[in-house]
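Only one structure is covered here, and it is reproduced in the block below.
The values are calculated or read from the model by the stated rules, or taken from the named source; none is laboratory data. Because the structure is a prediction, the values reported are computed rather than measured. Virtual Cβ from ideal backbone geometry, glycine too; neighbours counted across all protein chains shown. Accessible surface areas use protein heavy atoms only, side chains included; no ligands, DNA or RNA. Shrake-Rupley method; radii C 1.70, N 1.55, O 1.52, S 1.80 Å.
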Amino acid sequence: VYKIAVSGDPGALTISNGTAGVDALTPATDNTTTYSITQNFSDAVKITAYMDAVLPAGYTLMLDMASTKGTGSSVDISNATSGSAVDIVTAIQKGADAAQAIGYSFSVNASAGTLSSTTRTVTLTLTN
């Protein structure tokens, strides 16, 4: 059995601030969503993530997932698509993990230019 559920979608990640003289603009973050899993397959299950389209050069989307059953990490998913999903949580042990935090951080340097309002879908998969 492999089951994963998320509490909902994050809010809009809009970058609207920076510091004069610094190329890196202030990242937009969201930590309002959680995920829960149940699995009884093995102690080597993982959660992978990918987006429906890559981000333009210079833009970065970091995904951070906590876990009490595995090893969570903060991973750049900016270029991860369905053919190149990246591991976010690894070595997940059998059992259940409920209401674990999901964090998103969207960042860019001013030198990358303006990105028109756009939507990306992030897909999470529980797999072995």
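Starting from the 7 Å offset along Cα-to-Cβ, what nm value, one decimal, do you get for the label separation of Asn79 and Ala101?
If labels sit at Asn79 and Ala101, their model points lie 2.9 nm apart.
Using 0.36 nm per residue of separation minus the Cα-Cα distance, give me the extension gain between Ser42 and Asp9 in nm, one decimal.
9.0 nm
What three numbers, in Å, describe the spread of the alpha carbons of the stretch 1-46 along their principal axes, ordered from the longest?
Cα extents, longest axis first: 52, 22, 9 Å.
Please get the size of the charge dipole for the chain, origin at its Cα centre, with Cβ charges of +1 on Lys and Arg and -1 on Asp and Glu, quoted in debye to the nearest 20. Please list the in-between numbers first.
Working: 5 positive and 9 negative charges, 56 e Å.
In debye, rounded to 20, the chain gives about 280.
If R₀ is 22 angstrom, what is the calculated FRET efficiency for the pair Asn128 and Ala53, using the beta carbon separation as r and rounding to 0.05?
0.25
Tally up the carbon and sulfur contribution to the accessible surface of the stretch 1-126 as a whole percent, 1.4 Å probe, everything protein left in place.
With neighbouring chains kept in place, the figure for the stretch 1-126 is 50 percent.
Given a Förster distance of 25 angstrom, what is the FRET efficiency for Thr119 paired with Thr68, based on the Cβ-Cβ distance and rounded to 0.05?
0.20
Using a cut-off of 15 Å between beta-carbons, work out the net charge of the residues near Ser74 (Lys and Arg +1, Asp and Glu -1, Ser74 not included).
Details: positive: none; negative: Asp30, Asp64, Asp76, Asp87.
So the environment of Ser74 carries a net charge of -4.
If you roll a 1.4 Å probe over the heavy atoms of the protein chains, what accessible area per residue do you get for the stretch 1-90, in Å²?
About 53 Å² of surface per residue is accessible.
Using 7 Å Cα-to-Cβ label points, what is the Asn109/Asp30 separation (nm, one decimal)?
Result: 2.6 nm between the two label points.
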